[in-house]
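J.: There's a structure below that I have some questions on.
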Amino acid sequence: MTRSNPETTDKKLSVLTVYEIQTHTLADGWVNTWTYEDSNGDMRPETFSSREAAQEALDDYLRDLADDVALGNITDYDREDFRIQAVPIIATVEGGVA
């Protein structure tokens, strides 16, 4: 007979999916370079609850980049340097992240 570890079985785990906008970098490949400042003043990686929300944010950003190119503020950019990636997060029933 095998016994299960009560600490493991008491905490039910679920997998949640969030979406992040990744930028292709020469040094590190595809990474999430988008951040926000939380209520404690700490910088956190930006994620989105749906692919649609991430796409909307990326579309807004690319429109801003296009405006900056048109104004001569920046050189051109490559749309292919951005992608939306699903990221699984394992969470406990208590709401923490495993």
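J.: Along Cα→Cβ, 7 Å out, is where each label goes; now give me the distance between the ones at R51 and S14 in nm to one decimal.
T.: Distance between label points: 2.1 nm.
J.: How would you classify the range 6-92 from its alpha-carbon gyration tensor, with a ≥ b ≥ c the square roots of the eigenvalues: rounded for a/c under 1.5, else prolate if a/b is greater than b/c, otherwise oblate?
T.: Details: a/c = 2.61, a/b = 2.37, b/c = 1.10.
Since a/c reaches 1.5 and a/b is larger than b/c, the shape of the range 6-92 is classed as prolate.
J.: Label-point separation (nm) for S39 and R63, each offset 7 Å from Cα along Cα-to-Cβ?
T.: The modelled label-to-label distance comes out at 3.1 nm.
J.: Let me ask something additional. Could you run the Karplus curve 6.51 cos²θ - 1.76 cosθ + 1.60 with θ = phi - 60° over the range 37-45 and give me ³J(HN,Hα) per residue in whole Hz, x for Gly and Pro?
T.: So the J values, rounded to whole Hz, are 9, 7, 5, 8, x, 8, 7, 10, x.
Every number in this text was worked out from the coordinates using simple rules, so none of it is lab data. Predicted model, so just to flag it, every value in this text is computed and none were measured. Don't worry about glycine lacking a Cβ; one is built from the backbone with ideal geometry, like all the others, and counts go over all protein chains shown.
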